[in-house]
Amino acid sequence: MREIVLDTETTGLDPLAGHRVVELGCIELINTVATGKTFQAYFNPEMIMPTGAQDIHGLTDEFLADKPLFAERLEEFLAFIGDAQLVIHNAQFDIGFLNAELERAGWPKLTNAYVDTVSMARRRFPGQRASLDALCERFSIDNSSRTKHGALLDSELLAEVYLELSGGRQRDLGLAPEMASMAGSGGGLAANSRPVRPPRPHMPSAAELAAHAAFLTQLSDPLWLSA
């Protein structure tokens, strides 16, 4: 199962008010395991960065001035995610911004299925904090390098949180590295090369039915006739 863990950084909270995406980070998972394939990009938002947003992610007008527009890397982003299921923390926020950027560029909205890890966390831990930092603390995931929000770093942390929310390392009983090593070295269970035997018939043959009938005639006063 291919999934894409995704996060955005923006100039504000409302795409309908004209706020834009300034960073996009994606990580590919296969069966909840990171493959090492990523997509990350910064974008020129064509607007002045509000102080509040800059305090969160640290991206300045000067840093973003020479970065491409979102539309310039749009096809590359869509090719990377393909039809994979998306894994997003507070999905409506990120999807709303991405769809606004797609609409601005004349593209249709995203149709990918998605998993909202905030909803997952609230179902599993009702009444508890569901922020990314809180979940990293709960699952003992090191987020000490997260002094500012960053789309790719947050996606990496979210991938670990998602694994834990999905059942964690208990899912494969910790055998995944060993199995991967065996597979890489040609070990593991070898395919059975013996020919497949057809199933044995279980219906009695005509000769067996005749022999059974002959045997029954030798019984006197059988129990099934006295019932």
*Could you please give the count of residues in the range 5-21 that are out of contact with any Lys or Arg (no Cβ under 8 Å at 6 or more places or on another chain) and either surrounded by fewer than 16 Cβ atoms within 10 Å (Cβ to Cβ) or part of a strand (DSSP E or B) (or both)?*
11
*Which of the residues spanning the range 81-104 are open to solvent by 20 Å² or more (accessible area, probe 1.4 Å) and either in contact with a Ser or Thr (Cβ under 6 Å, 6 or more places away or on another chain) or of a type in the set (Ser, Thr, Tyr) (or both)?*
89
*asked:* Just to be sure I understand, how many residues within the range 128-160 are open to solvent by less than 40 Å² (accessible area, probe 1.4 Å), without any contact (Cβ under 8 Å) to a residue 60 or more places away in the chain and not in a loop (DSSP other than H, G, I, E, B)?
replied: 5
_I'd like to check something: does the range 73-80 contain any residue that is free of Cβ contacts under 8 Å to residues at least 12 places away in the same chain, open to solvent by 60 Å² or more (accessible area, probe 1.4 Å) and in contact with a strand residue (DSSP E or B) (Cβ under 8 Å, 6 or more places away or on another chain)?_
no
*Give the residue, chosen from 61, 55, that is acidic (Asp, Glu), within 17 Å of residue 148 (Cβ to Cβ) and at pLDDT below 95.*
55
_Against the condition at negative phi and without any contact (Cβ under 8 Å) to a residue 24 or more places away in the chain, how does residue 14 come out, does it pass?_
yes
*State whether the residues of the range 105-114 include one that is open to solvent by 30 Å² or more (accessible area, probe 1.4 Å), closer than 21 Å to residue 159 by Cα and in contact with a strand residue (DSSP E or B) (Cβ under 7 Å, 6 or more places away or on another chain).*
yes
*Does residue 48 meet the test of being of a type in the set (Val, Ile, Thr) and part of a helix (DSSP H, G or I)?*
no
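The values are calculated or read from the model by the stated rules, or taken from the named source; none is laboratory data. Please read all numbers here as calculations on a predicted model, not as lab measurements. Cβ: placed from backbone, ideal geometry, glycine included. Neighbour counts: every protein chain shown. These area figures cover heavy atoms from the full protein model, side chains too; ligands, DNA and RNA do not enter into them. Shrake-Rupley method; radii C 1.70, N 1.55, O 1.52, S 1.80 Å.
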